[in-house]
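Where a number appears in this text, it was derived from the coordinates with a stated rule and is not lab data. None of these values were measured; they are calculated from a predicted model. Neighbour counts run over all protein chains shown; Cβ positions are idealised from the backbone, glycine included.
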Amino acid sequence: MPNNTDEKNTATTLPWFGIPRLLPFLKPYLPEMAVMVFLGSMVSFVDSMIPLFNRYALNNFVAKGTVKGIGYFALVYAVTLLVKLVMDFTSAFMCGDIEMSVDRDLRNAAFNHLQELSFSYFNQNNVGYIHARVMSDTGKIGMMCAWRMMDIVWNGSYIIFVLVVMLTVNVRLAMYIIALIPIAILLVIYFQKHLIVLNRKIRELNSTITGNFNEGITGAKAIKTLVVEDKIQEDFMEDTEKYRKSAVHATHFSAMFTASVTMLSSCALALVLWRGGKITMEGVMEIGTLSVFLSYALGILEPIQNIIVTLSELIAVQVNVERFTRLLNQESDVADSPEVIEKYGDTFNPKKENWEDLVGDVEFKDVSFHYPDGTEYVLEHFNLKVPQGSNVAIVGETGAGKSTLVNLVCRFYEPTMGQVLIDGKDARERSQLWLHSNIGYVLQTPHLFSGTVRDNLKYGNPSATDDEIWKALKLVSADTIVERMDKGLDSDVGEGGDMLSTGEKQLLSFARAILADPRILVLDEATSSIDTVTEKAIQDAISVVIKGRTSFMIAHRLSTVVDADFILVVKDGKIIERGTHKELMKNIGGYYHQLFSRQFEEMEVRAAL
Amino acid sequence: MKNNNERFLTKISMVLFFLKGSKALFMFGVIFSMMVAFLDMINPKIIQYTVDYLIGDSQSAMPFYMQMIVNITGGRDYLRAHIAAIACVVVFIALICAIFRYLNKILNSMAAEKLICRMRDILFEHISHLPFAWHSENHTGDIIQRCTSDVDTIKNFLSEQLTALFRIVIMIGLGLTFMIQIDLKLSLISAAFIPVIVLYSLFFHNKIGSAFENADVEEGKLSAIAQENLTGVRVVRAFGREKFERERFEKKNTEYTKMWVHLMKLLAAFWTSNDMISGMQGMTVLVAGSVFCVQGRITVGELIAFVAYNAMISWPVRLLGRVISEMSKAGVSIDRLRYIMNSEVEQDEEDAYEPPLDKDIEFKNVSFAYENGTAEILRDVSFKVEAGKTVGVLGGTGSGKSTLMYLLDRLYNLPEGNGSITIGGVDIHKIKMHYLRENIGFVLQEPFLFSRTIFENIGITSKSAKMEDVRKAAKMASLDETIKNFDEGYDTFVGERGVTLSGGQKQRTAIAQMLVSNPPIMIFDDSLSAVDTETDAKIRAALDKHAGQATTIIISHRITTLMHADHIIVLSHGKLVEEGTHDELVKNNGLYRKIYDIQIQGGGEGIA
């Protein structure tokens, strides 16, 4: 399956960190964000003022040798701290609130958009990839919109305030510190560049190791029976050693990084001590002012480091923004026209009062079709009339493209040319939801949702009563399965229904389809290993379910094929033979005849004995 | 379960075992971190003396190392004239400090990475040698979590928290010492805040821990809804339940968000209030210090130094509570790993040997029940597989067919007194386990492919598989054609990061995998169920030709797959109910006949 992951993990650069693309999601929170930014910068303002309190104390009490007014001073100091506490709390809380709210809105938007995307999208992207768009990209973007912004506000305004204060207090001394800033910036950029690459490599190696553990544990049976413990261990140790080397290498860089930044801070300190000490000795500057500069010299480099690291993180999030917006901009290959939506409503707001009843006549009229990700036509000028209540079987080898017709009937895909008519009208003239509400679908690999048996059975018909449920269960002889369970209909089926066997899941999904009482039924028979008795039960269930409905069946069992009103034989994605069983069997040497006789040849020979 | 012979009786004994080879590195790392802490503490001292001696005129006793610095750099008068020399000293100390800081970090990282590497290797090896019964008793997700996040927790505990604890204690200790040297009373005022901050932070981190766990659980639920929606997208669409799905997701999403917002509120309250307490400490020190200074108790330089020390210890103090509360979590993780390490690995009996295995296999009165299950899976099963012959096994789901084969391959051990399984008269427990398994080619019902190339997968059992052997095996398993259709042929990567193979293709790969090693005993556990009938027949024909001498056991639901076997046994609910050749069994009118009828009936009418 081709995976749409053309973008590697390399950082993409979007204008303004991709924020313009996210603007619709940020809009509701802009006022709150403005308050947050204001309060955040005020917090930094107070932080940058704290050394000035020291200066005041040194210059006004210590230097003058008096404690007059120190009570008042303490009060102002305490009130400042209290004000800071309030602002700090409010802005931090707002930041968290914005992060989570944006996060939530993005997740909802992604999830809702996915509900309307066509099948070609799901066929081209695996579940893990899509899931990461919904769950992890959104989290990272939320974090970026709130905390990364806040980091920039905090650190940026701190730097600005400190620079302003320094320049006001003593321009010459301030220039010494300012001169060091470009060096700091270059240093941080140099190391950060390397660290991003190294850390990405470490993360990749780490997930390889987790994958290895997964393989070693889920594959225990295979590893033991094949006696390949040593071989697997060797490969595993190679990976852990690679990880160790990379991790130490990365630490080498990050340790050099911290060491040199702190070293630079000390240089700033030395510089202030030297030049500042000199002018203080000369009596040009007060001792309190010197202490202010000493604090700033030690304190200004960290915010600079922070701001650059934050910027590099912002750049790293670009990939997520890019992928997320690509998902939202992904257009559905199958979409209802505005007129149809006007009349029948959309996926989330159906206008059921305008819905017509579906009878069940299906017609393919001169249909040509190729999949969106391919160019080769799998259907060409195909015509087929399926009157209400008839039963169409589709046979052929695994992977021969048997599901194409079914996908067209369900309008999971639309014909490239020609029309699919439902009750004589083009399927595109009615809404997807209308069609889907009238279709029942039983999958080859039955899919149940975690929850109770009842939840699952009512999935296609939320208003079904328990009586109806039991009736449906009896029809497919699945009632014994549910009776055997601890809590009957309230029993939990486990995640994806994994508390049940495949055969049981299959029978329950038949019951689910019956409850929905669809006019058109699509069945994809199971090929998985089910013992003969269960298989019989499923076959009986099928014959009950299809009675009176238009049905399309992707068949593997010949018994179901034989009774079909119409059989389509598929090979290499194309329909090569069609007709009833009797008609097809007359074509001796034909593909269907071959397929059919081979399975029974051996049995017949033996049975004749 | 196995308390009597636990390998690691205490947490410490296991941690020490893991620490082998990295202890010394950790220790050197800690020593350098202490030196860094000490050197960091010198700067405020230098500032203090610069202010007092050089800029001001106050006199106070100098500790020996300050005198040393002064003397080396040329004495007080020289320094007054050349204040740049002091700056040089500061830079010089900073340089040494930077080197130590680097050494501390790199040594610590070397130790930590060595530790985690060793932990992972040991765990992986141990787990792969644990009996299969252990694997089926324990949940995969849980074991993986122990091997990843618990390992990380322990690594962080040892390399970060424990070393941080050392550093914090040293920093606080040194800081307080320097502060006390300046003024005891002022130090007491400052120190009075320490227990408040530590306890507050300890209390908070303990409390918030469970809130974080709850949020994780909620996230898991939300994530599962999305996952199920995506995997079940066909069902959702076919039943037209998009709206329902949307509402369900939005509801859970809102709950989850609310939970986090609440958590954020708590966190914000904690951070900011803790910040406030530290700020108050700074203010109190400044005010009281100024008063003392005016009173003449301390000099201006001392006040500046004191304020600097106070600021220096404020961060370690705030960290202390957090470190302590996180350390308590490590204990839980250690116990979780101890559970794995204390489970017993599979071992051969002392007198186990390697007899030839191309002999008759005999099951005698075999009964078996799984440890956690109550029902007996096998009841008194006896039959014989003659060397070089083919035996078919038929039975419904849960009839015990697979279990029978697991016992033969010793994935589970047959307890004493439950009958015996012998090969050439030798009890399989007397045969070396790896030797036994190497000689039994077992194609599993649900084949497992490794995330490697197809070539590597097929040739995995041999040290250096040759292309021709692999291709030959693939041809026999009717797989060669399929592989050639892949873009990269035999170099195609399978699994998550590569091509997804269909069930039938996987089964055929597993068959090819077994054929490469050409074992004297072959087991097919329903191995052709996902292969279409045509291919099934082709493969069996190829096998018949190839496996002339191998003893073969085939399990299947399909009569057509079994009918050519030399001997067929029929299992029902753990009991052997019928045996014989196909013809005998069909005449018998038993279970075999019944299943045969159902299977043949499907097409019977049509053909007639």
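The smallest convex shape that holds all Cα atoms of region B:188-235, its convex hull, gives 48 Å³ per residue. In this simple spin-label approximation, B:H82 and B:E416 carry label points 7 Å from Cα along the Cα→Cβ vector, and these lie 8.9 nm apart. Relative contact order of chain A, taken over Cα pairs closer than 8 Å and 6 or more residues apart, is 14 percent. By the Kirkwood approach, averaging reciprocal distances over each pair of separate Cα atoms, region A:1-147 gets a hydrodynamic radius of 19.4 Å.
Explain nothing, just the number: dipole magnitude of the protein assembly as shown about its Cα centre with +1 on each Lys and Arg Cβ and -1 on each Asp and Glu Cβ, in debye rounded to the nearest 20. List each step's numbers first, then the result.
Numbers: 120 positive and 141 negative charges, 878 e Å.
That gives a dipole near 4220 debye.
Couplings 3J(HN,Hα) of region B:482-494, computed from phi: 4, 5, 5, 6, 6, 4, 9, x, 5, 8, 5, 7, 10 Hz, in residue order, whole Hz [Karplus 6.51 cos²θ - 1.76 cosθ + 1.60, θ = phi - 60°; x for Gly and Pro]. Taking the helices alone, chain A has a mean residue ellipticity at 222 nm of -19500 deg cm²/dmol, built from -39,500 (n - 2.57) per DSSP H run of at least 4 residues and averaged over all its residues. What the Kirkwood sum gives for region A:19-329 is a hydrodynamic radius of 23.7 Å, with every pair of different alpha carbons counted.
On a 31 Å Cα-Cα criterion, which of the cross-link pairs A:K245/B:K252; A:K140/A:K193; A:K224/B:K114; A:K351/A:K458; A:K84/B:K207; B:K251/B:K506 come out too long? Checking Cα-Cα distances, A:K245/B:K252; B:K251/B:K506 exceed 31 Å. Mean per-residue shielding of peptide A:561-568 is 1, counting Cβ atoms of other chains within 10 Å of each Cβ. Here the Karplus relation 6.51 cos²θ - 1.76 cosθ + 1.60, evaluated at θ = phi - 60°, turns the backbone of region A:437-453 into coupling constants of 5, 10, 10, x, 9, 10, 8, 4, 9, x, 10, 10, 9, 5, x, 8, 4 Hz, with x for every Gly and Pro.
Angle, helix A:532-545 long axis vs. longest principal axis of chain A, Cα atoms, 0 to 90°, nearest 10? Long axis of A:532-545 versus the principal axis of chain A: about 80 degrees.
Residue-normalised convex hull volume from the C-alpha trace of chain A: 239 Å³ per residue. Sorted largest first, the spans of the alpha carbon positions of region A:419-563 along the three principal axes are 48, 36, 25 Å. Size descriptor for the protein assembly as shown, Kirkwood hydrodynamic radius: 35.7 Å (Cα pairs only, one decimal). According to the square roots a ≥ b ≥ c of the eigenvalues of the Cα gyration tensor, what is the shape class of region A:439-517, taking rounded for a/c under 1.5, prolate for a/b larger than b/c otherwise, and oblate for the remainder? Judged from the Cα gyration tensor, region A:439-517 comes out rounded (a/c under 1.5). What shape does chain B have by the C-alpha gyration tensor, where a ≥ b ≥ c are the square roots of the eigenvalues, rounded means a/c under 1.5, and otherwise prolate means a/b greater than b/c and oblate the rest? The shape class here is prolate. Rounded to the nearest 10 degrees, the angle from helix A:229-271 to the longest Cα principal axis of chain A is 30 degrees. The H on the amide N of B:I568, modeled in the peptide plane, is under 5 Å from the matching H of B:G392, B:G580, B:T581, each at least 5 residues off or on a different chain. Here the simple spin-label model places points 7 Å from the Cα toward Cβ, and for A:M237 and B:N589 these points are separated by 6.5 nm.
Given A:K242/B:K466; B:K484/B:K545; B:K11/B:K329, which pairs have Cα atoms separated by over 22 Å? Don't jump to the answer; show the numbers that get you there.
On the way: A:K242/B:K466 28 Å; B:K484/B:K545 24 Å; B:K11/B:K329 13 Å.
Over 22 Å Cα-Cα: A:K242/B:K466; B:K484/B:K545.
With a Förster radius of 30 Å applied to the C-beta separation of A:A132 and A:I189, the computed FRET efficiency comes to 0.50. Straight-line reach from A:K27: taking Cα to Cα under 12 Å and skipping same-chain neighbours fewer than 8 places apart, the aspartates and glutamates in range are A:D105. Taken about its Cα centre, chain B carries a charge dipole of about 2020 debye when Lys and Arg each add +1 at the Cβ and Asp and Glu each add -1 at the Cβ.
Output the DSSP H helices from chain B with an along-axis C-alpha extent of no less than 18 Å and a mean Kyte-Doolittle hydropathy no less than -0.5. Could you put the intermediate results ahead of the total?
Working: long enough: B:23-49 (40 Å, 1.26); B:84-128 (65 Å, 1.22); B:163-182 (28 Å, 1.96); B:193-231 (55 Å, 0.38); B:242-295 (78 Å, -0.13); B:300-341 (61 Å, 0.69); B:503-517 (22 Å, -0.21); B:533-546 (20 Å, -0.98); B:591-607 (25 Å, -0.28).
Qualifying helices, which must be both long enough and hydrophobic enough, are B:23-49, B:84-128, B:163-182, B:193-231, B:242-295, B:300-341, B:503-517, B:591-607.
Positive-end ranking of B:P447, B:L515, B:V426 along the dipole of chain B, with charges on Cβ about the Cα centre, is headed by B:P447. Shielding of peptide B:438-451 by partners, expressed as the average count of other chain Cβ atoms within 10 Å per residue Cβ, is 4. Counting only DSSP H runs of at least 4 residues, each contributing -39500 (n - 2.57), and dividing by the residue count of chain B, the helix-based mean residue ellipticity at 222 nm comes to -20500 deg cm²/dmol.
For B:L357, B:L165, what ranking results if the residue with the fewest other Cβ atoms within 10 Å of its Cβ goes first? Let's see the in-between values first.
Working: B:L357 21, B:L165 18.
The order, fewest Cβ neighbours first, is B:L165, B:L357.
Against the compact-protein benchmark of 2.2 N^0.38 Å, the Cα-based radius of gyration of region B:207-359 scales to 2.01.
Per-residue Cβ neighbour counts within 10 Å put B:W271, B:W315, A:W434 in the sequence B:W315, B:W271, A:W434, beginning with the fewest. Taking every residue in A:489-499 and counting other chain Cβ atoms within 10 Å of its Cβ, the average works out to 1.
Which whole-number percent gives the relative contact order of chain B, counting Cα pairs below 8 Å spaced six or more residues apart? Don't jump to the answer; show the numbers that get you there.
Working: 762 pairs, mean separation 88.7, N = 608.
Relative contact order here is 15 percent.
This ranking places B:I69, A:I576 by how few other beta-carbon atoms lie within 10 Å of each, fewest first, which gives A:I576, B:I69. Of the peptides A:187-196, A:333-342, the ranking by mean beta-carbon count within 10 Å, highest at the top, reads A:187-196, A:333-342. With an a/c value of 1.5 or above and a/b not larger than b/c for the gyration tensor axes a ≥ b ≥ c computed over the alpha-carbon atoms, region A:206-331 is described as oblate.
Computed over region B:412-499, the Cα gyration tensor eigenvalues convert (square root of 5λ each) into semi-axes of 35, 14, 11 Å, ordered from largest to smallest. Taking the alpha-carbon distance from A:K365 and a cut-off under 13 Å, which aspartates and glutamates remain once sequence neighbours fewer than 8 residues away in the same chain are dropped? Filter leaves A:E380, A:E414, A:D423, A:D426.
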